[in-house]
1. Taking the stated definitions as given, is A:Val687 of a type outside the set (S, T, N, Q), surrounded by fewer than 11 Cβ atoms within 10 Å (Cβ to Cβ) and on the phi < 0 side of the Ramachandran plot?
2. Tell me which strands (runs of 3 or more DSSP E) are completely within the stretch A:597-656 and hold 2 or more residues being among the aliphatic types (A, V, I, L, M), or say none if there are none.
3. Name the residue that is nearest to A:Arg479 (Cα to Cα), counting only residues in the stretch A:597-641 that are surrounded by fewer than 15 Cβ atoms within 10 Å (Cβ to Cβ), in contact (Cβ under 8 Å) with a residue 24 or more places away in the chain and touching a strand residue (DSSP E or B) at 6+ places or on another chain (Cβ under 9 Å).
4. Pick out, from the stretch A:664-723, the strands (runs of 3 or more DSSP E) lying fully within it that include 1 or more residues that are at pLDDT 85 or above and of a type in the set (Gly, Ala, Ser).
5. Going by the conditions given, is A:Ile7 at pLDDT 95 or above, more than 26 Å from A:Glu331 (Cα to Cα), within 16 Å of DNA strand B (Cβ to nearest atom) and touching a helix residue (DSSP H, G or I) at 6+ places or on another chain (Cβ under 8 Å)?
6. Among the residues of the stretch A:501-529, write down those that are out of contact with any strand residue (DSSP E or B) (no Cβ under 8 Å at 6 or more places or on another chain) and surrounded by fewer than 16 Cβ atoms within 10 Å (Cβ to Cβ).
7. If you scan the stretch A:616-641, which residues turn out to be under 34 Å from the mean Cα position of the chain (by Cα) and either over 30 Å from A:Pro152 (Cβ atoms) or more than 11 Å from DNA strand B (Cβ to nearest atom) (or both)?
8. Could you give every pair whose Cβ atoms fall below 7 Å, whose first residue belongs to the stretch A:313-327 and is aliphatic (A, V, I, L, M), and whose second residue is exposed (fewer than 14 other Cβ atoms within 10 Å of the Cβ) and assigned to a helix (DSSP H, G or I), counting only separations of at least 6 or pairs across chains?
Amino acid sequence: MEENLVIVESPAKAKTIEKFLGKDYLVKSSFGHIRDLAKKNLGIDINNSYKPEYIVSPDKKKVVDELKKLAKGAKVVWLASDEDREGEAISWHLYEVLGLKPEKTRRIVFHEITKDAILNAIKNPRFIDINLVNAQQARRVLDRLVGFELSPLLWKKIKPSLSAGRVQSVAVKLIVEREREINAFQVSSSFRVGAHFNIVEPKGKVSELLAELEKRITEVSSAKSLLEKLNGAEFRVADVTKKPGKKSPSPPFTTSTLQQEASRKLGFSVAQTMTIAQRLYEAGKITYMRTDSVNLSQTAILGSSSVIEALYGKDYVHTRNFVTKSKGAQEAHEAIRPTFMENSSIDGNSTEQRLYELIWKRTLASQMADAILEKTNIRVSNSNTPEIFVATGEVLKFDGFLKVYMESSDDENADEESKGLLPPLKVGDILDLRKMEAAEKFSLHPPRYTEASLVKKMEDLGIGRPSTYAPTISTIQQREYVIKEDRDGSTRISRIIVLSNKTIKESQKEENFGFEKSKLFPTDIGTVVNDFLEQYFKEILDYNFTATVEAEFDQIAEGNMIWSTMIDKFYKPFHLKVDDTDKTGERSKGERVLGTDAVSGKPVLVKIGRYGPVVQIGIATDEEKPRFASLQKGQSLETITMEEAMDLFKLPRKVGSFEDNDVVIGIGRFGPYVRHLSKFYSLKRGVDDPMTITLDRAIELIEGKRSDDKNKLIKSFAEDPEIQILNGRYGPYIAVGKSNFKIPKSKDPASLSYEECKAIIKAGPTKPSKKKK
DNA sequence: CAGTGAGCGAGCTTCCGCTTGACTT
């Protein structure tokens, strides 16, 4: 029996620490929290100072039993959970549940998993900080009260199974408000005028200088008249300035910045990033992936600088200590970094390798020298007007950290002027105008959130924690408050005026805009829930609510406030409001009247119906049933027009008949379709319009699908008609009834024999072909 | 899997933060 039992939160951490501590220490993990508030009722005794009722979670029973046994036999139990509010509470729960005695219990903490840090922690034990534990209990109880009182209200007033909470409801609000800003956005346009000059350098090299008119012009007429005035003007370099500049590397990754960069650079969802990072962590490749700290251990800094020196030389080394500045950071861990800086790459699948390399580069770059730039500014005047054209250039004098890593920007519309080296010009040089172009540019609405940019925003507001960013993003999508999807853009006309060869020509260009890729959109139910909460519980949705209660949790942690008093102050008025809303609040359906149907004279309205958002003509009475039509993907209660609503009643429509059967066009769950003989054929996205499609085109789609289906069958067998080799979306596969089997890459699908197929079926795992919901 | 659109009303849903598997695709 070991003398010492050390308990940490994560099993991977336990494994590492055990190596540092040697044979007298047994290191075990609690796998996070071991107990939580009971789920039935509130799990809180409201009338008894909010006394929490804690229950060991069913999936933790085994761990707790084992720890109990080990603790009994140990001389000293070392509680080594993280040094933050939650970690302190975990230690306290362990202390309580394991029935530990104060004299044989030590509380230790460390912020980095290095031998020195651990040994130092063992030398400096303390006892559990009950104030910090109480701050956690207050946090836990508050979240339960908010979540478990608001959610049932939503079930009653909107629809069952909905949820609300301090964190998720604010995340939804951000999306809803952004969408409204976008809807209210007024597009404006202005003309940017660019002058292209031919430059012949002293050695005969020919290049071009692009200079832009300093101001923007709003009217076409003014743009045109400016070009007319400048026709034949003499252009002259009025000023050349050079300014030094520098760029510094970003700090190493935290959970939030890793999620953002993995999304921008690798296209990963936040959940995907966390799953991959977890695997890297468990394999000992990186440090802990749920952190809000940008701090690096001394070991990591030294490791980085020796790698940098070996790869790029001493000039590239510039070690730094970054300071965490995000709101509410608790800094129990290091930044996310490679365990061994000398490994620039690792074994593993391609996503693991790419994420690792991203982390390696970011960490390395954070300890590298600034990049040194020289910015050049050339101002060009002209003989006919006082207008000034400006060219800017940027030359990298020393690349520094840029050799390794450049952070990406969320702003996809950022001007990608490739600022390079400008030709050598001096004041007074006369320039030869090749062409001048005034192009109409449109203003851009605020960008929709991606999963990752929403995480960034939440972190900025201090809402949520590294361990909850990904789950929260999933929850609001699971509740269908928010949907992540692509949306088609549209086209608009941009006007262009060109001056070349002394003549001015006007033309137009069609440009695409508004295409969205993997963006978060509010659903109608999300919007209705948000508006309901905003109406009755404004203070909870306030962006500062978390910050305000966090300040009070800090007071509790400092011992300056009693936690139950803090909760009582919040709960009394909150609960009254819940009761009041329950009694007097109306059912919320997001109803909106669009107008009156010209044919029947009945009112036309939209609302959330039993199966989702609908348009309704007429009001239900005893004699009469209203007509209904579901809203389509991309339409919303808030923005649908009367005309669009009425169009929904035009489908499904018969366009004619084919092979003596009706051909019907409609819109279903998977988009617009042609129906013929109870079979469905999808319309081509972006090509066919269900309102205008002709019979001929519909027949073409039917026949196209029929021939595709014929090609789908690669081979069938006389021995067993159930078994078929088919061509699917992901390549050839074997189908047996409803189960599918993968064909090994080494085999040629077309030449598989019946016996070989049988073998594959026998070996392969049977998967049910589709999950039914 | 693509027609539905009510209220006799069982029993259930739900929060945030710590962790990792056991499950599918």
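1. Spelling it out, A:Val687 is indeed of a type outside the set (S, T, N, Q), surrounded by fewer than 11 Cβ atoms within 10 Å (Cβ to Cβ) and on the phi < 0 side of the Ramachandran plot.
2. Answer list for the stretch A:597-656: A:603-609, A:612-617.
3. A:Gly612
4. In the stretch A:664-723, the matching strands (runs of 3 or more DSSP E) lie at A:679-682.
5. no
6. Within the stretch A:501-529, A:Asn501, A:Lys502, A:Thr503 meet the criteria.
7. Answer for the stretch A:616-641, where residues must be under 34 Å from the mean Cα position of the chain (by Cα) and either over 30 Å from A:Pro152 (Cβ atoms) or more than 11 Å from DNA strand B (Cβ to nearest atom) (or both): A:Ala629, A:Gln632, A:Lys633, A:Gly634, A:Gln635, A:Ser636, A:Leu637, A:Glu638, A:Thr639, A:Ile640, A:Thr641.
8. If the second residue must be exposed (fewer than 14 other Cβ atoms within 10 Å of the Cβ) and assigned to a helix (DSSP H, G or I), the pairs left are A:Val317/A:Glu309.
The values are calculated or read from the model by the stated rules, or taken from the named source; none is laboratory data. Nothing here was measured: the structure is a model prediction, and the numbers come from that model. FYI the Cβ positions are ideal-geometry reconstructions off the backbone, even for glycines, and counts take in every protein chain you see.
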